[in-house]
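The values are calculated or read from the model by the stated rules, or taken from the named source; none is laboratory data. Because the structure is predicted, anything quoted here is derived from the model rather than measured. All Cβ positions, glycine included, derive from the backbone under ideal geometry; neighbour counts span all protein chains shown.
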Amino acid sequence: MPRRNEDRAPESPTADALREARERFVALWGQMGSTWGIPRTMAQVHALLFIAGEPLNTDEVMEGLGISRGNASMTLRGLVDWGIVSRVHRRGDRKEYFVAEQDVWKMFRTILAERKKRELDPLREELSACRGRTERIAGRKLDSEAAKLRAHNDRLDRLIEFMRIVDSISQRFSGPGGKGLEMAAKLLDRAS
């Protein structure tokens, strides 16, 4: 775990390089997360747990990132809710430890499934509700507004169909079997 400079014993060049590489990874992951709309601290906590490769407790996360206990606790709870971090217990230790999913394919499938559930599913529902608002009058013969209504509904229908296809593909990639994403990526990689 990173410690403040004044507390740090002299490190070997290898240990120093590893510490710097880990700190850079955590910073990059935090920056990437905030670009994707994920709170920077959440991405950094995930990065720290992932790159550590071993369970860390809340105190170690706080120390490693210089964040408050409340921030660490809320962030860890959020990562557990997302399903990319798990709680683990050590025999004889009352502290809770946390470990990030180490299988990168499973991690990205879990993130994809969670983003779909939180973002795409509600959007699909709202698009259908939006389309439903004009459904009851679409069958009536309306004067000059009929063409606008049909065009409106056609645009929504195309968008809803696109979202249905994306949902179907997403299910294949992130479903319970979960190997679709990895297989598709490897096939695309070979094709290029």
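Points to keep in mind about this one:
- Selection count where residues are over 14 Å from Ala27 (Cβ atoms) and among the hydrophobic types (A, V, I, L, M, F, W, C), scope the range 43-66: 5
- Residues located in the range 41-74, provided they are acidic (Asp, Glu) and farther than 18 Å from His89 by Cα: Glu63
- Hits in the range 94-132 (condition: surrounded by fewer than 14 Cβ atoms within 10 Å (Cβ to Cβ) and without any contact (Cβ under 8 Å) to a residue 24 or more places away in the chain): Arg94, Asp103, Val104, Lys117, Arg118, Glu119, Pro122, Glu125, Glu126, Ala129, Gly132
- Which numbered condition Trp36 misses (of (1) modelled with pLDDT of 95 or more; (2) of a type in the set (A, V, I, L, M, F, W, C); (3) within 26 Å of Lys117 (Cβ to Cβ)): (1)
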